[in-house]
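Heads up, the thing below is written out as structure tokens.
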Amino acid sequence: MITRELTHPNSIVVVGGSEDLAKPGGKILKNIIDGDFKGDLYVLNPKADIVQGVKSYRNPEDMPNADLAIIAIAAKYTPDTVEFLTQNKNTKAFIILSAGFSEESADGSMLEDRVLESINKVNGSLIGPNCVGILTPQHHSIFTQPIPKLNPKGCDFISGSGATACFIMEAGIPKGLQFANVYSVGNSAQLGVEEILKHLDENFNPETDSMVKLLYLETIDKPEMLLKHASSLIKKGCKIAAVKAGASEAGSRAASSHTGALASSDVAVDALFKKAGIVRCFGREDLISVASIFMYPELVGKNIAIITHAGGPAVMLTDTLSNGGLVVPHIEGAEAENLKSELFAGSSVANPIDFLATGTAEQLGIIIDYVDNKFDNIDAMVVIFGTPGLVDITDVYSLLSEKIATSKKPIYPVLPSILTAKEEVQYFVDKGGVYFPDEVTLGNALVRVSNTAKPIQGLTHEFDIDVKSIRGVIDNCKDGYISPEDIQLILDAASIDRAQEIVIDKLAFLEKATTKVGFPLVMKVVGPVHKSDVGGVVLNIKDLETATKEMNRMMQIVDATGVLLQPMLSGTELFAGIKKEEIFGHMILFGLGGIFIEVLKDVRALLAPISKSEVLNEIKKLKSYKIIEGVRGMDPINEDKFAEIITRLSLLVSYAPEIEELDLNPLLGNRKSVVAVDARIRISK
């Protein structure tokens, strides 16, 4: 839990505080002093009476009580110190900078457990160990640089890595990005990124608190907590961007189904962020760019005007925006001609609006006013303005600063001349501006922000399923893949349309089965998991003789226990599946099916529970969506039916959480229906 003593301490003791500013204990003490901490400040150091002008105690017995203790001593001495402070000095909050705990060894983990036990006994708070500290308006308890000037309307930043927190601030501050609070959680022995975000949500005040939260995560231990409080903050009007590091896996994971092969913890992270409304970023500059966009009014719409005096950057930005689904619309008409008459000959207003290298600050102001007030088909502007160094451009950046503050539409400034116009750029930042040095980085960030939907407001079950029948099957099945007969019962109970199926294990039953199914038919081996790989699927069987021959052959396949007969249906092959991902819960995956799922891997993933509207939105994001719409004479697929099946899968796992993997591959879709023709389900109790 986060106590008052951590966020608003009346007294702080730095254990291991020193005169040596090259050491964490010395630097953090100086930062607290320079940060003008208003409470009582002490040092615990057995070799000094005064440290940096602060009273130091050689013996912990002699020091006064302290709300917050900052520990900068060796790990092996830390548990005893923490126990003493909690039991004798009423200390309820700790920031442990020291390394040598669970991140290092089993012995270190035992030390960490002892520390945590002492703090939990008094219902205290722990940041760390192995962290750089925290930076708040109340106290600058951090041993690193830079120390930005805090602004309550800047960003709240929570980082699992102290070094990364420093590097992101280092890169963001020169661009004008400001910070409100910074938390480095280190080993997260008690308080991790999720717990800090929970605290910010539960204590959120829209009048005084930052509306922007930035996260750097190396692990996600509590996805439900992250989802709950991130989506809650976003529903309150906040914006959240996050980097989740550790996306790759050392070696491919063995998986027995198509869904298992496609799903991974990183896919689950994507699905979690998508559900929460978090903008996912993939590096420091990416996070800074998205955070900088958050500092501007929200982009409503997709139409962007590019205003520039340099053609090349405008072309690159146009490509980036267009490829990401944003629009750089053509500008024409009487007002466009009027604007053109205000500019130098040779200027273009078609969009990008190019007012030439000789364009003036006055002309830039005229262009911005036209776009803001007269061009209704534009939702936001990007202004790209640098210099070859021939003239001072302070007047341009001064005007730009004023227009950003007064424009009804967002204006994103790209100021590329960070060396040639260093003083002018700094002037812009000093006036409170936040700028982007690179147009493509900005474009990619705009695309990502625009394509991140807000979290769903409430979620209700849109369909009914036969829960009793589903539980009857699950409760009577053993762990592992369940039989085709049980799969049929589950699909029927979930009201998922399927092709008629008959399973037989003896040749004597074949003639009767083919009469019931009818020719042409499909025959599939029962038993082996990947049927196609072992020659266990034959299509378009038209007579009993061929059926007999193929059944005889299939029964010789290793692990074969029978054959399954289905009518030969037609349609476009689709895929839908379920994968239970450790700690994240059930993911629902879907896309183009058949063998193409392995080749194209064009799959969307959502974290259950889901709504049909979510699914329909994600279907449109498939790269193969043109095929679903119907292209070059192909029949379209019934998107509504496809989305219903996917949504029913989400409902299914809410009542049958034992389902570990489920494949519907392929589903056959046409303009009228979507039907499951092959399915497998694996359960684990």
- Only one of these conditions is not met by residue 334: (1) modelled with pLDDT of 95 or more; (2) surrounded by 14 or more Cβ atoms within 10 Å (Cβ to Cβ). Which number is it? (2)
- Query: List the pairs whose first member sits in segment 101-116 and is farther than 16 Å from residue 81 by Cβ, whose second member is charged (D, E, K, R) and part of a loop (DSSP other than H, G, I, E, B), and whose Cβ atoms are under 9 Å apart, counting only residues at least 6 apart or on separate chains?
  - Reply: 109/103
- Selection count where residues are of a type in the set (D, E, K, R) and more than 31 Å from the chain's Cα centre (by Cα), scope segment 403-424: 4
- Item | Number of the exception - residue 571 against (1) in contact (Cβ under 8 Å) with a residue 12 or more places away in the chain; (2) over 39 Å from the mean Cα position of the chain (by Cα); (3) over 18 Å from residue 484 (Cβ atoms) | (2)
- Item | Test: residue 122 is farther than 30 Å from residue 439 by Cα, of a type in the set (Val, Ile, Thr), out of contact with any strand residue (DSSP E or B) (no Cβ under 6 Å at 6 or more places or on another chain) and modelled with pLDDT of 95 or more | yes
- Query: In segment 413-436, what residues are in a helix (DSSP H, G or I), touching a Gly at 6+ places or on another chain (Cβ under 8 Å) and surrounded by 23 or more Cβ atoms within 10 Å (Cβ to Cβ)?
  - Reply: 428
- Is there a residue in segment 482-502 that is closer than 30 Å to residue 232 by Cβ and touching a helix residue (DSSP H, G or I) at 6+ places or on another chain (Cβ under 9 Å)? no
- Query: Taking residue 450, is it modelled with pLDDT of 95 or more, closer than 30 Å to residue 301 by Cα and surrounded by 13 or more Cβ atoms within 10 Å (Cβ to Cβ)?
  - Reply: yes
- In the set 344, 294, which member is out of contact with any helix residue (DSSP H, G or I) (no Cβ under 6 Å at 6 or more places or on another chain) and over 15 Å from residue 404 (Cα atoms)? 344
- Note on the structure: Among the residues of segment 130-170, the number that are in contact with a Lys or Arg (Cβ under 9 Å, 6 or more places away or on another chain), outside any strand (DSSP E or B) and within 14 Å of residue 6 (Cβ to Cβ) is 2
- In segment 193-237, anything in a helix (DSSP H, G or I), hydroxyl-bearing (Ser, Thr, Tyr) and either free of Cβ contacts under 8 Å to residues at least 12 places away in the same chain or surrounded by fewer than 19 Cβ atoms within 10 Å (Cβ to Cβ) (or both) is listed as 232
- Note on the structure: Of the residues in segment 99-115, those that are out of contact with any helix residue (DSSP H, G or I) (no Cβ under 9 Å at 6 or more places or on another chain) and buried (at least 20 other Cβ atoms within 10 Å of the Cβ) come to none
- Task: Return only the number of the condition from (1) surrounded by fewer than 23 Cβ atoms within 10 Å (Cβ to Cβ); (2) assigned to a strand (DSSP E or B); (3) aliphatic (A, V, I, L, M) that residue 366 does not satisfy.
- Result: (2)
- For segment 38-47, state whether one or more residues are under 15 Å from residue 98 (Cα atoms) and surrounded by fewer than 21 Cβ atoms within 10 Å (Cβ to Cβ). no
- Given (1) assigned to a loop (DSSP other than H, G, I, E, B); (2) under 36 Å from the mean Cα position of the chain (by Cα); (3) farther than 19 Å from residue 448 by Cα, index of the condition residue 397 fails: (1)
- Task: Pull up segment 74-103, narrow it to residues that are assigned to a loop (DSSP other than H, G, I, E, B) and out of contact with any Leu (no Cβ under 9 Å at 6 or more places or on another chain), then point me to the one that is nearest to residue 125 (Cα to Cα).
- Result: 90
- Query: Which one of the conditions (1) outside the structural domain of residue 378 (by TED's automatic domain parsing); (2) in contact (Cβ under 8 Å) with a residue 40 or more places away in the chain does residue 282 fail to meet, given that it meets all the rest?
  - Reply: (2)
- Item | In segment 534-572, the residues that are of a type in the set (Ser, Thr, Tyr) and surrounded by fewer than 16 Cβ atoms within 10 Å (Cβ to Cβ) | 548, 561, 570
- Message: Being in a helix (DSSP H, G or I) and touching a residue at least 40 places away in the same chain (Cβ under 8 Å) is the requirement here; does residue 300 meet it?
- Response: no
- Task: Run down 144, 136 and say which single residue is in contact with a Gly (Cβ under 8 Å, 6 or more places away or on another chain), under 20 Å from residue 27 (Cα atoms) and hydroxyl-bearing (Ser, Thr, Tyr).
- Result: 144
- Task: Would you please list the contacts, defined by Cβ atoms under 9 Å and residues six or more apart or on different chains, that run from a residue in segment 504-517 that is of a type outside the set (Asp, Glu) to a residue that is assigned to a loop (DSSP other than H, G, I, E, B)?
- Result: 507/555; 514/543; 516/500; 517/500; 517/501
- Assess whether residue 125 counts as being within 26 Å of residue 173 (Cβ to Cβ) and out of contact with any Pro (no Cβ under 9 Å at 6 or more places or on another chain). no
- Would you check which residues across segment 337-363 are surrounded by 19 or more Cβ atoms within 10 Å (Cβ to Cβ) and in a loop (DSSP other than H, G, I, E, B) and list them? 343, 347, 349, 351, 352, 355, 359
- Out of 439, 402, report the one residue that is more than 18 Å from residue 173 (Cβ to Cβ), acidic (Asp, Glu) and either crowded, with 18+ Cβ neighbours inside 10 Å or at pLDDT below 95 (or both). 439
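The values are calculated or read from the model by the stated rules, or taken from the named source; none is laboratory data. Note that the coordinates shown come from a computational prediction; the quantities given were computed from them, not determined experimentally. Every residue, glycine as well, gets a Cβ built from its backbone with ideal geometry; the counts of neighbours run over all protein chains shown.
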